[in-house]
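**Student:** Dropping the structure in here first, questions after.
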Amino acid sequence: MAHTAAPATQHLAAPRPAADDSLLWSDARKLGYAPLDATHREFYTVVLHLLACDAATAAAALAAFEAHAVAHFGQEEAWMRDTAFPAAGCHADEHAAVLASVHEVQALLADGRAGPPLLHSLAEHLLAWFPGHADHMDSALAGWMVKRSHGGAPVVLRRRGG
Ligand SMILES: [Fe+2]
Ligand SMILES: [Fe+2]
């Protein structure tokens, strides 16, 4: 029988799968800066609630994601600001674009002009957006923050099969 499962361990230098749009967090997403990795794990939890919401839970799920996003993006932007990170502008622009979409959907939901299907679609877009953002922007920030605190490149420890 053909065995197509992913290898049990992944090295940092190993190529990433082309389709990295899984619904779940995995240790393969770690960037090596623990506070950032913890926030990114939480991102997957709140987005999953958004993806699974129904009419009764829609407003709370969207409010929870908005609160997460404000804290998540705000923390990254504070790190960039406080450490004079170069090229913080485009990174913050992506955050602002995501928050603008979230606020737009919140307004539609509050007016009764949208319901769970729009929130499910937002969650799908967030899951498709995140890997590229993490790879291109958050990973540079993680490396910068680790280098500042330890004087070296980030070391990523992953559980087997994580
Ligand atoms: Fe992030
Ligand atoms: Fe970010």
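Since every read-out is calculated from the coordinates, none of them should be taken as a lab result. Note that the structure is a prediction, hence the values are computed from the model and not measured. So basically every Cβ, Gly included, is an ideal-geometry build from the backbone, and we count neighbours across all protein chains shown.
**Student:** Of all trypsin sites (Lys or Arg not before Pro) in the range 23-55, which ones are in loop regions per DSSP and have a Cβ with at most 13 other Cβ atoms within 10 Å? Could the numbers behind the result be given before it?
**Tutor:** Values: sites: 29, 30, 41; in loops: 30.
Nothing satisfies the criteria.
**Student:** About the Cα centre of the range 33-148, how large is the charge dipole given +1 on each Lys and Arg Cβ and -1 on each Asp and Glu Cβ? Please answer in debye to the nearest 20.
**Tutor:** Values: 5 positive and 14 negative charges, 39 e Å.
In debye, rounded to 20, the range 33-148 gives about 180.
**Student:** Of 98, 47, 156, how do they rank once you tally other Cβ atoms within 10 Å and put the fewest first? All intermediate terms of the calculation are to be shown ahead of the outcome.
**Tutor:** On the way: 98 20, 47 24, 156 17.
Listed from fewest to most nearby Cβ atoms, that is 156, 98, 47.
**Student:** Using the Cα centre of the range 33-148 as origin and beta-carbon charges of +1 (Lys, Arg) and -1 (Asp, Glu), tell me which of 57, 101, 137 is placed farthest towards the positive end of the dipole.
**Tutor:** Of the candidates, 137 comes out farthest on the positive side.
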